[in-house]
Amino acid sequence: MSGSYDLNALFAPKVVAIIGASATPGKIGNTVIQNLIDAGYEGKIIPVNPKSTEILGRPVVKDVAGLPHGLDLAVLTVPKQFVLGSMEELVKIGVKSAIIITAGFKEVGGEGAELEKKIQALCIKNNIALVGPNCLGLINMSDKVNVTFAPGQPLPGRISCFSQSGALFTSILDWALGEKVGFSKFISLGNEAVLNESHILEYLGNDPDTSVVMGYMENIIDGQKFIEKVKEVTRKKPVVVVKSGVSSAGAKAAASHTGSIAGADNAYSTAFKQTGVIRAQSMSEFFNLAQAFSKASLPQGPNLAIITNAGGPGIMATDACEKTSLKMVQPASATIESLKKVLPSYASFRNPLAIGGDATATAYKAALEEIVADDSFNAVLVILTPTSTAFEHIEAITQGLIDTIKKTDKPVFPCFMGKERISIAEKMFQNADVPFFTFPEPAIESIETMYKYAQWKEREEMTYVVPERDKAKAAAVVEEAVKTGATEIVEYQAQQILKAYNMPALASDLATTADEAAAAAEKIGFPVVLKIASVQISHKSDVGGVKVGLKNAGEVRAAFTEVTERAAKMRPDAHITGCLIQQMAPKGTKEIIIGFKRDAQFGPLLMFGLGGIYVEILKDIAFRLVPLSKEDAHNVIREIKTYKLLAGARGEKGVNFESLEDVLLKVSQLAADFPQLTEADFNPVLVNSERAYVADVRLALK
Ligand SMILES: Nc1ncnc2c1ncn2[C@@H]1O[C@H](COP(=O)(O)OP(=O)(O)OP(=O)(O)O)[C@@H](O)[C@H]1O
Ligand SMILES: [Mg+2]
């Protein structure tokens with residue numbers, strides 16, 4: 001049904017009715033009207049109240065039935081027990097959108113949750129764009145609408161923000177007022193009975209008055225929808241979110257290694273990364289990015305110039321730069337020549353450009369003009385420490401910088417280090433709509449985030465391919481397991497699936513007796529690996545159920561007896577089918593883990609990492625949501641810390657990356673093909689410079 005909601009009626013209503021309007025100052029039903037008036041709302045306000053005749057100078061309508069047909073927006077502040085009745089009345093007059101500020105619904109559970117379900121169904125059936133319940137309301141400074149009970153009017157601007165927390169909404173607004181950061185739209189989403197972040201993102205993505213989207217989220221209701229919508233938005237404008245609740249509940253009950261490592265937060269981070277959403281790790285980063293993105297243009301390359309009146313901070317900034325993908329290239333020789341004419345001889349004509357502790361407005365302005373004119377640079381950080389000269393000239397310095405910043409397309413970030421003595425400059429920059437920092441590190445982090453976003457916008461389209469496979473053959477194995485009520489498909493059963501997906505399996509055969517085992521080994525060729533085969537034994541090594549490097553028939557027979565007897569003793573509950581005899585992968589392979597876990601919101605989350613016994617401790621892993629593109633498969637391998645180890649350290653040959661990418665794409669396809677598979681481990685996938693071998697596989701079922 002989404003898309004059929006009239007969000008224009010919600011954000012830019014021509015007529016607003018307040019159901020539960022009050023003549024008493026301080027009551028929500030009064031504050032909302034006062035806020036609308038204070039915002040300079042130019043449409044019609046209709047207070048609805050059975051007892052009053054006039055509220056804040058506006059004539060009152062007795063009941064909903066008295067409202068005009070096709071009303072744009074109704075704001076409900078009536079007590080909880082009257083909300084559903086009011087909504088039913090509003091349906092009769094064909095209301096287009098509504099905001100239920102009233103609380104006491106899903107968030108309290110029980111009866112409240114039941115009531116919310118009824119309201120939800122009513123709105124969905126009648127295409128009512130509903131915000132809330134249990135929210136603060138909505139602001140649209142571009143159209144002078146403020147239907148919240150939040151104190152204070154924000155400044156108009158080009159950021160639009162949505163929040164799943166009403167309390168944070170007020171904090172963000174207050175911070176923005178203090179920092180002179182302006183907003184276009186501001187939405188408190190509340191319980192999201194109808195409209196959620198995906199609807200809002202779609203609207204803001206197309207909104208010409210919004211150039212930066214910010215969001216505070218606790219959860220996403222429909223992950224697939226979010227991905228689909230937000231991907232479109234990040235093509236056009238940055239989306240910066242703070243997502244709280246990073247604990248990985250549910251991970252404990254995992255059946256696989258992948259399951260125990262991949263928590264819900266990994267799914268969120270991966271979804272954000274894959275859709276170009278910028279995740280702020282803290283509120284301070286969120287605010288820094290809000291002002292940087294809204295006040296400066298995007299750096300068109302990684303080259304950063306630093307201008308400073310002090311050596312130490314220049315070095316600090318250079319250090320901070322080292323940790324990022326930004327580069328501190330040197331000025332062009334023509335720039336150096338020009339700089340020599342305008343700066344004192346003791347200045348350093350390198351990057352960072354140290355213009356001297358006694359630099360005044362002339363030096364700062366001249367230096368910045370030369371640097372922004374130099375094509376070597378894509379962004380500039382201007383550092384000032386309040387030395388006695390700088391402090392004396394601070395207003396002139398600031399004004400000179402502002403004048404230059406206003407004339408260039410390049411992003412310039414003033415970083416005046418201090419508090420008391422630089423406060424005048426901070427105000428001047430805020431009023432001039434220039435981003436301002438007091439420390440170099442957050443400034444540089446913000447510049448890098450903007451640069452990365454610029455790269456994201458320019459990125460190539462991804463290529464998706466469906467690997468050739470025999471789905472029916474794999475389905476037969478999965479269905480058979482489901483039919484028997486199994487919770488897992490263990491290695492010996494999964495061999496057919498590997499074959500069906502053309503994965504690089506190792507020759508293997510199931511043996512039910514020691515003689516069969518010896519015969520199978522002769523056929524495969526020595527050395528072989530022998531592994532316990534039992535539907536109930538998932539982690540084979542835990543029962544001493546894996547023997548590698550068996551060199552002859554005698555060793556195989558002995559291993560069969562030893563392994564099956566020990567397993568029977570250790571796991572009397574398990575039915576032991578026999579042993580899997582497997583070709584031994586060549587010496588010198590590296591162990592990789594590939595796996596997936598189906599996330600409730602986002603679907604299968606695929607994991608790639610260095611395998612072996614330390615995987616849970618080292619957690620050197622990277623994630624992608626399924627389906628993986630060819631580029632994803634290529635990149636995810638290069639994201640782990642030990643990638644260099646795989647690429648070949650100290651003269652060693654690198655592994656065959658194409659073969660790993662091939663396995664990744666096939667595992668991705670398997671996860672997409674079979675929703676019954678909840679978790680999977682391909683652990684290890686052994687790989688050398690020649691090829692990969694899938695040496696173990698475990699699939700968990702619903
Ligand atoms: N065919 C093979 N060739 C070479 N080494 C092998 C082979 N099969 C298994 N191994 C080695 O034995 C180890 C244990 O085998 P396997 O992964 O099958 O057992 P597991 O106990 O089920 O593992 P886990 O529970 O840790 O996933 C592997 O990690 C690998 O080092
Ligand atoms: Mg294993």
GluC sites (Glu not before Pro), loop per DSSP, at most 16 other Cβ atoms within 10 Å - longest free stretch of the chain: 219-419
Relative contact order of the stretch 297-458, pairs being alpha-carbon contacts under 8 Å that are 6 or more residues apart, as %: 29 percent
Residues in the stretch 578-612 that a label on Asp265 would reach, taking backbone N under 11 Å of a point 7 Å out along Cα→Cβ: none
Gain upon complete extension [Lys51, Tyr346; 0.36 nm per residue less C-alpha separation]: 98.3 nm
Ordering of 68-80, 499-511 by burial proxy (mean other Cβ atoms within 10 Å per residue, highest first): 68-80, 499-511
Computed E for Ile613/Glu565 - FRET, C-beta separation, R0 30 angstrom, nearest 0.05: 0.75
log₁₀ of I(q)/I(0) at q = 0.09, 0.13, 0.16 Å⁻¹ - the stretch 7-292, Debye sum with one point per alpha carbon: -0.43, -0.87, -1.25
Relative contact order of the chain, pairs being alpha-carbon contacts under 8 Å that are 6 or more residues apart, as %: 9 percent
Cut-off 20 Å, label 7 Å out along Cα→Cβ of Ala373, residues of the stretch 331-346 by amide N: 331-345
Gained length - Lys427 relative to Asn127, 0.36 nm times residue gap less alpha-carbon distance: 103.4 nm
Theoretical FRET efficiency, 1/(1+(r/R0)^6), r = Cβ-Cβ of Lys407 and His69, R0 60 Å, to 0.05: 0.65
Portion, in percent, of the accessible area of the stretch 590-701 that falls on carbon or sulfur, probe 1.4 Å: 53 percent
Unit charges on C-beta of K, R, D, E only; dipole of the chain, Debye: 260 debye
Extreme residue, positive dipole direction of the stretch 7-292, given options Gln224, Thr102, Ile18 (C-beta unit charges): Gln224
Dipole axis of the chain (+1 Lys, Arg; -1 Asp, Glu on Cβ), positive-most option in Ile532, Leu646, Ile405: Ile532
Residue-normalised accessible area of the stretch 590-701, expressed per residue, 1.4 Å probe, Å²: 38 Å²
Under the Debye formula (equal points on every Cα, no solvent term), log10 I(q)/I(0) of the chain at q = 0.06, 0.11 Å⁻¹: -0.50, -1.11
Calculated FRET efficiency for the pair Ser541/Lys644, C-beta based, R₀ 25 Å, to 0.05: 0.30
For the stretch 471-583, accessible area per residue (1.4 Å probe, heavy atoms of protein chains only), Å²: 46 Å²
Loop-located chymotrypsin sites (Phe, Trp or Tyr not before Pro) in the stretch 560-635, at most 11 other Cβ atoms within 10 Å (DSSP): Tyr614
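Among DSSP beta bridges lying fully in the stretch 98-252, give the percent that are antiparallel, nearest 5.
Details: 7 of 25 bridges.
Approximately 30 percent, going by the DSSP bridge assignments.
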Greater than 20 Å apart at Cα, pairs in Lys547/Lys590; Lys106/Lys231; Lys547/Lys569; Lys341/Lys410; Lys323/Lys641; Lys365/Lys406: Lys106/Lys231; Lys341/Lys410
Carbon and sulfur %, accessible surface of the stretch 471-583 computed with the full protein complex present, 1.4 Å: 54 percent
DSSP-loop trypsin sites (Lys or Arg not before Pro) across the stretch 556-603, with at most 13 other Cβ within 10 angstrom: Lys587
Å² of accessible area per residue within the stretch 164-290, as computed with a 1.4 Å probe and no ligands counted: 33 Å²
Difference of contour (0.36 nm per residue) and Cα-Cα distance, Leu510 to Val108: 139.1 nm
Options Val213, Ser260, Ile33, ranked by Cα towards positive dipole end of the stretch 7-292, top entry (Cβ charges): Val213
Portion, in percent, of the accessible area of the stretch 297-458 that falls on carbon or sulfur, probe 1.4 Å: 53 percent
Nearest-ten-degree value, helix 471-483 long axis tilted from longest Cα axis of the chain: 90 degrees
Pairwise label distance in nanometres, Lys14 with Lys62, each label 7 Å out on the Cα-Cβ vector: 2.8 nm
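The values are calculated or read from the model by the stated rules, or taken from the named source; none is laboratory data. Since this is a predicted model, take the numbers as computed values, not measurements. Using ideal geometry, Cβ is built from the backbone for each residue, glycine included, and neighbour counts are taken over all protein chains shown. For the accessible areas, the whole protein counts, side chains as well, though only heavy atoms, and no ligand, DNA or RNA atoms are used. Shrake-Rupley method; radii C 1.70, N 1.55, O 1.52, S 1.80 Å.
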